[in-house]
Amino acid sequence: MIQQKGARPTILAIESSCDGTSAAVCADGKILSNHIATQAIHAQYGGVVPELASRAHLQNIVPVVDVALKNARLSLQDMDAIAFTQSPGLIGSLLVGGQFAKSLSLALDKPLIAVNHMQAHVLANLIPEKKPSFPFLCLTVSGGHTQIVLCESPTKLKVIGETIDDAAGEAFDKSAKLLGLPYPGGPLIDKYAKEGNSDRFQFPEPKIPGYNFSFSGLKTAILYFLMNAGKSLIYKEEFAATEEEKKLFIEENLADICASIQHRIITILLNKLKKAAKDLNVKDVCIAGGVSANSGLRKAFTEAGEQNGWNTFIPDFQYCTDNAGMIAITGYYKYLSGEFSELDIPSAARAKW
Ligand code: KG4
Ligand code: ZN
């Protein structure tokens with residue numbers, strides 16, 4: 001491995017794992033620009049349509065990279081390496097960013113750095129001046145993953161717990177769908193929850209061993225709860241509501257339902273994080289991923305930190321949901337430890353790390 005001791009690299013990073021095309025520039029560990037083009041087209045289908053996502057990435061990638069370079073006031077020739085999201089994600093989407101990054105690496109004769117998207121979510125916590133000390137714990141909560149990660153160094157991370165079914169973001173989005181809210185429903189549940197009473201409805205907390213999570217039982221409980229127009233969490237024939245009654249119940253109680261669902265998702269997440277931090281005696285604790293943009297989680301996490309004597313870290317909003325800034329910072333640390341990739345490295349929908 002090439003060691004880049006004392007290097008102060010400037011890195012162009014590309015993220016295209018799902019439905020956002022993003023490019024960022026990072027110089028000596030500082031993010032100079034982070035530009036994201038979102039894809040509104042998926043809302044009308046109630047979820048991300050992979051083929052449409054790949055097509056939109058193809059249309060967006062050149063202008064997005066252009067804006068990132070302009071905002072950083074640098075050109076392609078100023079880059080020392082090209083980093084890109086290699087896995088996990090939608091394969092068609094990953095391929096667009098991957099091929100583009102490889103083409104740049106070849107044309108500019110600059111090293112290529114393949115980045116794992118989940119590692120990058122964790123390392124988004126290394127972007128600000130105030131960084132966690134190693135080893136730290138990170139609860140990574142996104143649309144596709146829910147993990148507790150023990151981070152011993154920027155390149156030495158261990159997943160110690162993860163979901164056995166749905167991810168936390170899916171729990172938000174699927175609950176929102178049951179309530180008739182558009183995709184992605186997570187931010188909408190967050191919005192309505194602010195006005196609601198989180199103690200009004202009691203949704204179940206699963207009993208899963210260790211640091212693993214499960215959200216599928218919660219989804220089923222919400223489904224039955226709505227089918228019964230709030231009269232029971234277990235489906236009972238005698239409580240079955242008509243579509244009209246169900247709609248009216250949701251309309252009249254939306255804020256309380258959202259607050260109660262959000263509260264349960266947050267307690268499921270934080271109870272496991274508290275257990276891990278206590279067992280491993282780790283005091284620096286972070287959250288990351290799209291769901292870490294949730295205002296209820298941010299508040300409850302900060303309070304848990306105060307109660308348990310943790311130093312807490314939450315990325316800035318722009319670095320919570322998918323973004324190339326987090327790919328750039330990961331690329332920076334991989335550059336420092338000489339972790340470069342060959343041009344034939346394949347993109348992968350699933351990855352172990
Ligand atoms: O990390 P991310 O942008 O993409 C993946 O890697 O999956 O996470 C997207 C997820 C979606 O499920 C979205 O609903 C959720 O993050 N999300 C939120 C909020 N903002 C985004 N969930 C709850 N509250 C929010 N404010
Ligand atoms: Zn993500």
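Laboratory data are not the source of any read-out in this text; all were calculated from the coordinates shown. Keep in mind it's a predicted model, so treat the numbers as computed, not measured. A quick note on method: Cβ atoms are made from the backbone with ideal geometry, for glycine too, and the neighbour counts reach across all protein chains shown.
Applying a threshold of 25 Å to the alpha-carbon distances of Lys219/Lys278; Lys130/Lys278; Lys174/Lys207 flags Lys219/Lys278 as lying beyond it. Spin-label model, Glu342/Leu106: points 7 Å from Cα along the beta carbon direction are separated by 1.5 nm. Each residue of segment 324-340 was assigned a 3J(HN,Hα) from its phi angle through the Karplus curve 6.51 cos²θ - 1.76 cosθ + 1.60 (θ = phi - 60°); the sequence is 7, x, 6, 6, 5, 5, 5, x, 4, 5, 5, 4, 4, 9, x, 8, 9 Hz, with glycine and proline shown as x. Rounded to the nearest angstrom and listed largest first, the equivalent-ellipsoid semi-axes of segment 1-145 from its Cα gyration tensor are 25, 20, 14. Size of segment 265-332: Rg and Dmax of its alpha carbons, in Å, are 12.7, 35. A viscosity of 0.890 mPa s and a temperature of 25 °C, combined with the Kirkwood radius over Cα pairs in Stokes-Einstein, give a translational diffusion coefficient for segment 174-272 of 178 µm²/s.
Measuring from centroid to centroid over Cα atoms, what is the spacing of segment 277-353 and segment 222-249 in Å? Segment 277-353 and segment 222-249 have Cα centres spaced 39 Å from each other. Relative contact order of the chain: 25 percent, from C-alpha pairs under 8 Å at least 6 residues apart in sequence.
Isolated cysteines in the chain, defined as those with no second cysteine Cβ under 4.7 Å, comprise Cys18, Cys26, Cys151, Cys258, Cys320. Solvent-free Debye calculation, one equal scatterer per alpha-carbon of segment 200-353: log10 I(q)/I(0) at 0.21 Å⁻¹ equals -1.32. Phi angles of segment 219-230 translate, via the Karplus equation with coefficients 6.51, -1.76, 1.60 and θ = phi - 60°, into HN-Hα couplings of 4, 5, 4, 5, 4, 5, 4, 6, 4, 9, 6, x Hz per residue; Gly and Pro are given as x. Between amide H atoms placed 1.01 Å from N, distances below 5 Å from Asp80 occur with Thr10, Ile11, Leu12, all of them 5 or more places distant or on a separate chain. What's log10 of I(q)/I(0) for the chain at q = 0.08, 0.10, 0.15 Å⁻¹, Debye sum over Cα points only, no solvent? The Debye formula, applied to the Cα set alone, gives -0.40, -0.62, -1.23. Put simply, the Cα atoms of segment 127-213 extend 42, 34, 24 Å along their principal axes, the longest span coming first.
The stretch between Glu243 and Asp199, if pulled fully straight at 0.36 nm per residue, gains 13.3 nm over its current Cα-Cα span. A protection proxy built from the mean count of other Cβ atoms within 10 Å ranks the segments 36-48, 16-28, 259-271, most packed first, as 16-28, 259-271, 36-48.
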